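Everything below concerns the one structure shown next.
The values are calculated or read from the model by the stated rules, or taken from the named source; none is laboratory data. Bear in mind the structure is a predicted one, so any value in this text is a computation, not a measurement. Every residue, glycine among them, receives a Cβ derived from its backbone with ideal geometry; neighbour counts consider all protein chains shown. Please note that ligands, DNA and RNA were not included when accessible areas were found on the heavy atoms of the full protein model with its side chains. Shrake-Rupley method; radii C 1.70, N 1.55, O 1.52, S 1.80 Å.
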Amino acid sequence: MESAGSVYRRLLLSKPESQILHFDTFVDVLARDKEGRLKKDKVMALSRFLRPNRKGEITMLNFLKSCDKVYKQLRMFRATVMNSAQLDNAFEFIMNIFFYLIVSCVILQIVFAINPTTLLLGMVGLLVPFSFAISNASSKWFEGVLLVLVRKPYDIGDRIALSNPESDTSSDGSTTWFVENITLFSTTVRMAASNEVATYNNGYLTGLRIINAARSPKAQVFVNLKFGMDVAYERVKIFHSVVENFVKERPQEWIKLAGFRATGVHADLGYINYVIVLQHIESWQNIGAILQSKADLSSFCLEVTKQMDMRFVSPPKPILLSLGNNSSDLTELSDSVRKPQLKSLEKLFQGKGIGNLHGDDDIGDDD
């Protein structure tokens, strides 16, 4: 971060009258050849990397974020290379076992004139029951090896989520785990929210849906809204344009407003459901930035609906004033409330030497 900040301040020296760098400054330094001609591929790469605003300005904070993003990608690449080397060594060890077994059989056949088939047939009595005992485990192990070496559904540092392939996933994203280590036998993951560590058997993962957040670019974000039935459609269109301008002013967060439509009309409840569909520049790997952008947009929509008097307020629920169809229910209720009170008073008066309250006994004897 210090190096990136130093580079930004040094670039500012070229234009001392400005406190914010313009995108043209980076283009002049990095996107021109020796003859001074622009290279369109480099200009597009710089635009995707720096994400200037609509005025072409790049603040120091956005520049530092872009540099930090590239630095994290380099660290992830380094960790992936190291883990791939470990997998290659483990696979080489397995291949060496089969290789030396074949070489041993050849040496027994040629040098010592011993038929290796005879030795293998003598071991059949031990190998057959052992093979039945480990058949299920060996098949799962082989499936796990194929998952890691052939399918490769994830790499080191990826966020993954496991789910049943027969059920749908949530449109707001799935609970993810960071991949910390991969071997031929197991995968070590860390819970993104609670920092818990867990281990998966690779053979168990073959039958599950593996959602890779790092390989899910340009996340689709949904924001649900409710407007009252009395809100005019012209105000809804104005609201749409305001939200669209809000998105266009933040190219470092959003790519575009992908949709704005009504999803349900509830005339009996007095409101209409609307959904805003947006495309974020980040993948679901960086879910923190996505959730923060979604929260900012939701707060902005709430303030706009307040100012335009479009916020839906649910009507108060009706209150049941009657407890029944006739007065007998009220009589039963009053009796059920009165009887416990009379009993408590009787106990109080009897403790003081006073008779009961029903008049069955005399209160006291006359002298």
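Gln73 meets the conditions (1) surrounded by 12 or more Cβ atoms within 10 Å (Cβ to Cβ); (2) assigned to a helix (DSSP H, G or I) in every case but one. The failed one is (1). A search for C-beta distances below 6 Å between a residue of region 157-171 that is assigned to a loop (DSSP other than H, G, I, E, B) and open to solvent by 70 Å² or more (accessible area, probe 1.4 Å) and any residue that is modelled with pLDDT of 80 or more and aliphatic (A, V, I, L, M), counting only pairs 6+ apart in sequence or on different chains, returns nothing.
One line per residue, one yes/no per condition, for (1) surrounded by 15 or more Cβ atoms within 10 Å (Cβ to Cβ); (2) touching a residue at least 24 places away in the same chain (Cβ under 8 Å):
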site	(1), (2)
Arg261	no, no
Ala267	no, yes
Val275	yes, yes
Gln279	yes, yes
Asn286	yes, no
Ala289	yes, yes
Thr305	yes, yes
Val313	no, yes
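Every condition in (1) at pLDDT 80 or above; (2) part of a loop (DSSP other than H, G, I, E, B) holds for Ser6 except the one numbered (2). From the set of residues in region 222-259 that are polar (S, T, N, Q) and outside any helix (DSSP H, G or I), which is least open to solvent (accessible area, probe 1.4 Å)? Once the filter is applied, the top-ranked residue is Gln252. Within region 181-190, restricting attention to residues that are part of a strand (DSSP E or B) and at pLDDT below 90, the residue that is surrounded by the most Cβ atoms within 10 Å (Cβ to Cβ) is Ile182. Residues of region 12-24 that are in contact with a helix residue (DSSP H, G or I) (Cβ under 6 Å, 6 or more places away or on another chain) and either small (Gly, Ala, Ser) or in a helix (DSSP H, G or I) (or both): none at all.
Scanning region 136-156 for residues that are of a type in the set (D, E, K, R) and assigned to a helix (DSSP H, G or I) yields Lys140, Glu143, Arg151. Scan region 25-44 for residues that are in a helix (DSSP H, G or I) and either touching a helix residue (DSSP H, G or I) at 6+ places or on another chain (Cβ under 9 Å) or surrounded by fewer than 11 Cβ atoms within 10 Å (Cβ to Cβ) (or both) and the total you get is 9.
As for region 56-64, it holds no residue that is open to solvent by 50 Å² or more (accessible area, probe 1.4 Å), on the phi > 0 side of the Ramachandran plot and under 29 Å from the mean Cα position of the chain (by Cα).
Residue count for region 161-198, restricted to those that are under 21 Å from Ala85 (Cβ atoms) and hydroxyl-bearing (Ser, Thr, Tyr): 4.
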